[in-house]
1. State which entries of Lys170/Lys355; Lys169/Lys398; Lys141/Lys242; Lys322/Lys427; Lys106/Lys248 exceed 20 angstrom in Cα-Cα distance in the structure shown.
2. Probe of 1.4 angstrom, ligands and nucleic acids ignored: what's the accessible area per residue over the range 157-287, in square angstrom?
3. Per the Kirkwood definition applied to all pairs of different Cα atoms, how many angstroms is the hydrodynamic radius of the range 58-150?
4. Can you give me the Kirkwood hydrodynamic radius for the chain, using every pair of distinct Cα atoms, in Å to one decimal?
5. Assuming 0.890 mPa s and 25 °C, estimate D for the range 214-261 with Stokes-Einstein, Rh taken as the Kirkwood radius over Cα pairs, in µm²/s.
6. Which value at 222 nm does the chain reach when only helices count, each DSSP H run of 4 or more adding -39,500 (n - 2.57), with the total divided by all residues and rounded to the nearest 500 deg cm²/dmol?
7. Name the chymotrypsin sites (Phe, Trp or Tyr not before Pro) in the range 96-168 that are in a loop by DSSP and that have at most 16 other C-beta atoms within 10 Å, would you?
8. How large is Rg/Rh for the range 355-437, to two decimals, with Cα atoms and a Kirkwood Rh?
Amino acid sequence: EKQDYSSAISFFEPFLDQTSVGKTANICYGRALGLSGEAVKALELFKDLNSSFPNDTEVELNLAEAYLWNQDYANGERVYEGLVSKDSSSFLAHYGMANALAGQEKFEPALFHLSKVISLNPDFEDAINAEMHVRIFQAYKMFKAGKNNEALQFIDQVVAKFPNSDAAKKLKSDIISASKSNIGVIYTQTEDSANNTADQLAVRVNLGNIDRHELSFGFVISKYQDVSLNSINHSSLFIRDKLFLGEKFRLNTGLSVLSFGEEGNMDFNFLSKNVSLEAFWNKFLYTDIGYEHILNQPNLDLINQRIESDIFFGAFNANIGKSVGLFSKSFYNILSDGNVQKQNFSSLYVTLPAKILFRVGINVHYSEFEHTRTRYFSPSQYKAGELFFLLENFSPQKSMNYKISIAGGQQQIENFAWQLTYRLDCKLFYNFRSGTQIMAAALFSNSADVTELAGFGSRSFSIGLHQSF
């Protein structure tokens, strides 16, 4: 009762073999194991107890709950179904059945059993809270499937029934925000350690979610200038679409028309295109595979060479338990001059429990070209590793939000000696009640994989404006 499970385990261990108190002691011992996180041991104990005490309701209730501790909801449902058939007036059996069904996302049957629990025991707060969470999760699943109008109507009913639920109110706010059209404008100025510069203005209009499509379009205007004051202008018009294919899949497509040239005279155009398929398999695994056709354009030399790339990529993010995560993304880049680049970026991180997002981890990056090209921006071989800290406080309900990332490590460019690296990336956001957001950002780094220009050290500053309608 006091949640001191380790003391409970120590207390009940001496009584496990005593026949007179064996069943009760084993039940208490098994519950202490399960509630302390040793769910597998608890399940094995209750299976043994069920063999020794067949058709014992108390044992079966604990066996079914042990299946839920192990997230084996189907077997939990099987045991609870027998208990409900045996005694339809048992609110504990109905409550457990509701949890087993909800774990399998069988929402309507779960709500039926929760209604039974509440009719049998109107003061059972856990059942009332469970009903609220099931309904919120129903709306969330509609939202993730791109059914924003349906989700909004449903969450309105939930808010009306549970007016004190902050989770329901937040989900409603998220659905409304995602459904709104909006426009964003960002200006960025970058300078590298060799005094090459780039200025960029980007404008993006998002039309919101329309019949499972999230359509956006806009333009980007850039100017690159090297240390000798040679310059080239770049502009692009783009259109992008995100199609929601049920709850798990998103199909992303995009086209961009790029133009390059001297001041007031665009010399050539290029059509860039991309397609990718995102998959949200479950709460533990996300994958993304795709293809893009681009023009390499980080500096003047490479733009003038007009080297095109066909890039195939794959990525995944896996959550290991509640706090550990692993992200990895690999690229296979086929260049139009006959070269091939292979590249991988991976990150192992831990999210620490806190009111704000606090993450610490290790990033590693590897890149290699099959053939050395002296005029490439990228080194023919590159290796890097860094330790990073991420601090993020982001909520649409708050006025001030921020995202700060600090990292330090080592990199090897070509076969030169390893050198120390640093990276500081800061973003500040301020939200007005009118739906307006302003943003300021700064990045300082000497990592070759972060640089946008020709040198390996860079700094950039950005300001932005975002307006929802």
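1. Correct reply: Lys322/Lys427.
2. That works out to 54 Å² per residue.
3. That comes to 13.4 Å for the range 58-150.
4. Result for the chain stands at 26.6 Å.
5. 190
6. Helix-only estimate at 222 nm: -9500 deg cm²/dmol.
7. Phe124
8. Here the Rg-to-Rh quotient is 1.18.
The values are calculated or read from the model by the stated rules, or taken from the named source; none is laboratory data. Because the structure is a prediction, the values reported are computed rather than measured. Glycine gets a Cβ as well: all are built from the backbone with ideal geometry, and neighbour counts include every protein chain shown. Just so you know, the surface numbers come from the protein's heavy atoms only, side chains and all, with ligands and any DNA or RNA stripped out. Shrake-Rupley method; radii C 1.70, N 1.55, O 1.52, S 1.80 Å.
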